[in-house]
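As structure tokens, the structure follows; a few thoughts come after it.
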Amino acid sequence: MNIPGYYYDPEKQRYFKIENNKTAPTDAAWSSGNVKRRKLRDADAATALRHATLAKGRIRRARVLHEPLTGGFFAREYGAARADMHAACFAEGLRNKGCIPMRLPGWPGQPITSMYVSGHDYRTGMCTVYAVPNETMLLAAYFPRDQNKRLDQRPLRANYLVFGASCCVERHIPQISDVQYHAPSNRMLITSRQPFDGAAPNSLWAFHPRIDDADEDPLRPLWRLPSYSPFTNLLRGRATTAHNSFEAHCVAPAPDSSSSLCMVGTSRGVVQCHPDAPSRDWLAPQSAPGRDLLDLFRDIFAIDYHPHQSDVVFRFGGRPGALFTADTRTPCTTWSHLRLPSTITRLRCLDGGNQVLVAGLENQLGVYDLRFARSSRGTGGDAGDKIDIDAGKRSRRKRSQHNHFNHNHNVSPRNSPKGGGGSIAIAQPVIRFERYRNAAHVDIGFAYDEATGIVAAAHDDVPGTVALYSVRTGSRLRVLDFASEGKAGSSSGDGSSSSAGTSRARDAERADLPVIRSLQFQTFPGDYTPTLFVGSGRRGRITAFSFGVDDLEDEA
């Protein structure tokens, strides 16, 4: 409080009467001359601060510096590069390269539920697409690309030596759940959720695509359609008593370094198939005295091989949310696993093998580092023994130690279900994708490209949208919107780039739009960057996005 005629000293915390310079000591703070000088100095400082604040509002960062490519270049020159600059530049440079309907002549078409795009045709560079409309049949078609990587099926017959219809049926298989390709053995692998046809399971089919390496004609595709190859039931013959009824949810082709053919995720665990069909191994318990062990292998929705030990080690997960690290040299009851917050729908092992990218229900998407998350390990060596999911938490004395460990090692305690003992450690990701949205869809689009670090994930809160994320930071870089049939556009990361009228029009078109279920990255011969393929729309369209320009005459 200012008292007229007095000076307050904040150090001594008392008031002094202001004296004339003639009577006050020379260096006295309460002399009239010092008080006046101090008031002028404080007024000048306040004026300078006010001008600086106003100038700060007038100086704005150039818009070009917010662009990932230009702004990222300058930021890197000044040593302040963002961690996901590579991914942000790639996502910003993606351009719509057209879409082609995947349907038979005279057929209205249905949404694409699964697909595989082959990028092995080094002769013509075109795409060979295998797609599944509405889980009913396997279709095959050629997708030619021009010099600008744009899809255009009109010059197919004029520029290439192809025969038959532009789209053909390979086989009618009900309830198809996944389509993949095993390059070492040249086999297309198709899984089905229809478990039985009489006494033989119908869960895994395979056929050899026709590949003609002898013909050197540059106008003739390397892959011949239709293939006219017989389909083989790789799981023929009656299964064991414990596995006599199952559904196949997914298939993971083995890499070149592995001696197996594939791993199949089923409703009764994992099946390892070998090239010499019908040789297979059930990697799941056949019986157990309790329900804990069987419940952990109930539904397997995602499988991926370890990048450096692919011959013996792989990871898988499903419902309930348990992320397993499996070693085929040891019994399944000894495999370690992490408990995750929700059901696992997709997973990918990242480079190095210690980190796993996991997508799940309840908007869960993140990167888990297995070196810093405590895992549970099975006990016992026989297939009938029970996995102890609460090992090491028996005594109350150790519980406080575990709580301290969990706090420092990225796990959080959650009460176990009724009948369980102690608490179950729920692992927490080291990188969380906060803006990912998938509440309840198991079959939803998901793709990851290791070279660019881009994660493409479909959302179910806004049907017809695909978000691009950075695997290094978890930030959302861009959103692709397919509300307009055949006119896929893009918006900014926060979805605010479209006007109110455009937003209302897209909301009306989105009324009965299905959630996108098919996404795939594929790099073609001669390309330096991958192409993102999206199975979108009600009519079974496949849209391509590539890095580049809209037109070759545009300035890059």
Legend entry - Packing-based ranking, highest mean first, of 530-539, 28-37 given that Cβ atoms within 10 Å are counted: 530-539, 28-37
Legend entry - Relative contact order for the stretch 51-134, counting Cα pairs under 8 Å that sit 6 or more residues apart, in percent: 17 percent
Inset, instruction - Could you please tell me the mean projected area of the C-alpha convex hull for the stretch 72-123, averaged over all directions and given in square nanometres to one decimal? - result: 7.1 nm²
Inset, instruction - Count the net charge of all other residues whose Cβ sits under 12 Å from the Cβ of residue 301, scoring Lys and Arg as +1 and Asp and Glu as -1. - result: -1
Inset, instruction - Tabulate in residue order the Karplus-calculated ³J(HN,Hα) for the stretch 111-128, using 6.51 cos²θ - 1.76 cosθ + 1.60 with θ = phi - 60°, rounded to whole Hz; enter x for Gly and Pro. - result: x, 7, 9, 8, 7, 9, 10, 8, x, 9, 7, 6, 7, 9, x, 7, 8, 10
Inset, instruction - Quickly rank 431-442, 88-99 as a protection proxy: mean count of other C-beta atoms within 10 Å, highest first. - result: 88-99, 431-442
Inset, instruction - Express in nm, to one decimal, how much length is gained between residue 210 and residue 354 on full extension, taking 0.36 nm for each residue of separation and deducting their alpha carbon distance. - result: 48.0 nm
Inset, instruction - Would you mind checking the stretch 105-132 for residues with the amide N under 18 Å from a putative spin-label position 7 Å along Cα→C-beta of residue 146? - result: 125-127
Inset, instruction - Return the long-range amide H neighbours of residue 97 (sequence gap of 5 or more, or a different chain), with a cut-off of under 5 Å between placed amide H atoms. - result: 544, 545, 546
Legend entry - Using a Förster distance of 30 Å, the FRET efficiency for residue 32-residue 56 (Cβ separation, nearest 0.05): 0.25
Legend entry - Placed amide H near residue 181: partners under 5 Å, 5+ positions off or other chain: 189
Inset, instruction - Please list the non-local residues whose amide H lies under 5 Å from the amide H of residue 518, H modeled 1.01 Å from N, same-chain partners needing a gap of 5 or more. - result: 445, 535
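A short reminder: the numbers here are calculations on the coordinates, not readings from a lab. Everything numeric in this text was worked out from a predicted model, so none of it was measured. Note that we place each Cβ from the backbone using ideal geometry, even for glycine, and neighbour counts take in every protein chain shown.
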